[in-house]
Structures are given as C-alpha cells and as structure tokens.
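Notes for the one structure printed next.
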Amino acid sequence: MHVTLASSLLGGLSPAQFMRRHWQKKPLLVRQAWPGVRPPLTRSALFALAQQPDVESRLVVAQGDGDWRVRQGPLPRHALPPLARPGWTLLLQGLDLHVEAARAMLAPFRFVPEARLDDLMLSWASDGGGVGPHVDAYDVFLLQVAGRRRWRVGRVADASFVDGLPLKILRHFEPEFDCLLEPGDMLYLPPLWGHDGRAEGECMTCSVGFRAPRANELACDLLQRLADDDGEDDPGRLYRDAAQAATATPGLISPALQDFARQAIVRRLADVSAIDRALGESLSEPKPHVWFEAAEGKTLAHGVQLDRRSRMLYDSRHVFFNGEAYVVAGRDARLVRLLADARQLDAHACAALSAGASDVLQGWLDAGWLHPAEEIA
Ligand SMILES: [Mn+2]
C-alpha cells in the first residue's frame, strides 16, 4: 500500500492526505470511488445467509406512521416482506467472516490500522428502505454496490432519540447536505455524524466500519485479562502484619492493609508489557461465533495466507494472532509482521523462517488460522 500515492478510491487524495484532512474530521463524498464494483453476493445468497444462526442479521421495517419494527436474525425466508413492499431493509453484519469476496473488499482500506477495523456490513433495501436518521460510534465508508441510495448528512446538535422505538432514531435531525449515491460511489463519515440513507428503488450498500474503542470498555476488558494472568510479580505474596497490635476496634480496616491492597494494584498496573500484551490479545480476539476448522497435512511450501476470519496484529515485542500472544525477535519477527500486514507470506519468505518459527506457522496452518496460499486465491 503506497500511502502517498493518489488513490481513485479516495477521489484522488492519497491515503496520507485523506487521513490528515478527513479521518475523524469531516465527511468525504467520492464519485466513482470503485468503478464497476460488484456486490459481494447476490440478493438470494444474502437472504439465504440471513437464515443461518451463526450470521448476525437484522430486519428493519418502516411502518409508515413513524413506527419501526426490528427483528433479529436468524431470519427464515417467510419472515422477510415481499420484495415489492417498499420501506424495508435487511442488514447483515460481519459479511467478511462468511464471504471471501466481502473479505477481499476490505483490502483497499488497509491504510487504516487493522486494530480499528470492525467489519463489512451489507444492507439490502427495498424501495424507500432505510434505518432512519441516526449516529454511529464508528468511522464508516458507505460504498454503494447496487442501485441507488440518497444520503442526508449533517452534524448533530441534539443527540436525543425518539422514545419507545426499537431503533435509535434521532429526534431532531437537520441535514447539512444530501447526495444520491450510484453504484461505485462512496461516502466516508466520521463517528457521530448524523446520517439517513434511503433507497431509491431496490439497492445494496456495503459499510466498511472502523470501531473506536471506548475507554471504559477497554479498561474493563484489560483489567479482567490482567487479573486472569498471574503475571511475573510474586503472585503468592501474602499480607503480613506481624506488628499488628491488639485492637479495641476490630471492625476497622487497618491503613497497612489498605496500603497493601493499593500497592498490589499499582504493581500489577506498572507492568506495562502485560498491559500491551492484554491489549493485543483483546484486539486480535476473533469475533464471537467464529471457529476454525483444523486441517492436518497442509504445507508452508507454497506460501500462506490468513483465513478470512483471522485477526493478526503486532507491537514492538509481540505478535498477536486470534487472541494469542507470541514473543518474536529478529528475522522471524520481520517475516511474521509482514504476514500480519499483508495477510499473506510467499513461499520464499516462508522458507526463510527459523525452524522454531516454521513450527509455529505449521501449528497455525493445522489449526486452520492460515491456509496454503493457492487454496483461497
Ligand atoms: Mn449508520
């Protein structure tokens, strides 16, 4: 990925310029960002996928009187309104986990760190379908892949929602601009920008979403991980109070015990490497309901590529793969980081791995986290 080269996906901006001028700052509308883009699956394949229990799907129906009906998947075919009925939408979250072509559509967006990537959502709408004016806590690229959708977009002064609806619909939304997206057009929106997309005729839209972690959620997750991990710091250390005098106030917690507890926490949190490791494990955790199929007898000889559901990240000390941390160094580290960045490693690079690293990659192949390169291509 050449981050300083002009990109037609970004309307002639380079990824570097886009990140400086638009990312988290202001919307960007790009006409023909992806000329000739094809939906990653057909309407009937989408409806079939929505029936599966391991696929996250939602049906949203506008009732016409300002009321909305939402049904969570799995969605049997008879749960979907007739195609000719206007005003309904089928949303399929995490399509990249299920459909190789959807995973492939994420590749041009890899100028954004993968740690921020959430998923590719596909929405199919009948004429007039949409989910109403709302905000997301996500950076999102809305890529029109079939038919036309009109977006109304604007900053949100009043973030209150209409009461009593199964959807978070903005009570007051005053769009600043509107645009009609045709197949191949794309609209980037930063988090918390109000938007309301309505299909004009049947249409399909792909949303490439980048989650912004919430400080509190991240803290809870990492603290839990730190608590589960004994760490290197004398886990069995006992409180000692050999100097405790006889007390007439047995209900009182002693300052010495308070100090012991505080120090125990401070020492745990002072282990920066453990926090970094917990973060990498957390961010690389596969999505819920993802499982991998073990496959013995595969070889590294022809190069490897990541399974579409695999998440691989790294920091200066570790590589994180599907929630597991590995300490890497030297040439192996360089090669494994290459695998994380490119999601593939050629035969030549695989041959350059040390025997130890080869064994680790072989284990990943056996677990189904990796596949031989030719298998997916
Ligand atoms: Mn949205």
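Readers should treat all values here as calculations from the given coordinates under stated rules, not as data from a laboratory. Predicted model only: the values in this text are computed from it and were never measured. Virtual Cβ from ideal backbone geometry, glycine too; neighbours counted across all protein chains shown.
A few comments on the model shown:
- Ordering of 44-51, 1-8 by packing is 44-51, 1-8, highest average first (other Cβ atoms within 10 Å, averaged per residue).
- Sites R21 and A342 - FRET efficiency at Förster radius 30 Å, r taken between beta-carbons, to 0.05: 0.65
- Projecting the Cα atoms of S358, S8, L335 onto the charge dipole of the chain (Cβ charges, centred on the Cα centre) puts S8 farthest toward the positive pole.
- Equivalent ellipsoid dimensions for the stretch 8-211 as semi-axes, Å, which come from the Cα gyration tensor, largest first: 25, 21, 15
- Between helix 355-367 and the chain: long-axis angle, C-alpha atoms, 0 to 90°, nearest 10: 50 degrees
- Across the options L59, G132, L106, the greatest Cα extent toward the positive end of the charge dipole of the stretch 8-211 (unit charges at beta carbon of Lys, Arg, Asp, Glu) belongs to L106.
- Calculated mean residue ellipticity at 222 nm for the chain: -7500 deg cm²/dmol, from DSSP H runs with n ≥ 4 weighted as -39500 (n - 2.57), summed, divided by the residue count and rounded to 500.
- Alpha carbon centroid spacing (whole Å) that separates the stretch 270-303 from the stretch 126-161: 33 Å
- Considering only A261, A125, A301, the Gaussian network model of the chain with Cα springs below 10 Å gives its largest mean-square fluctuation to A261.
- Evaluated at q = 0.30 Å⁻¹, the base-10 log of the normalised Debye intensity for the stretch 186-232, with identical point scatterers placed on the Cα atoms, takes the values -1.17.
- Here the label points at T299 and R69, each 7 Å from Cα along the C-beta direction, are separated by 5.8 nm in the simple model.
- Stokes-Einstein diffusion for the chain, with the hydrodynamic radius set to the Kirkwood value over Cα pairs and evaluated at 4 °C in a medium of 1.567 mPa s, equals 55 µm²/s.
- Principal-axis tilt of helix 272-283 within the chain, Cα atoms, nearest 10 degrees: 30 degrees
- Cα-projected label distance for D241 with V272, points at 7 Å along beta-carbon direction, nm: 3.5 nm
- Test item: Cα-centred dipole of the chain, Lys/Arg +1 and Asp/Glu -1 on Cβ, debye: 1080 debye
- Ranked packing of 103-112, 214-223, most packed first, by mean Cβ within 10 Å: 103-112, 214-223
- Radius of gyration and maximum dimension Dmax of the stretch 304-376, Cα, Å: 10.9, 31
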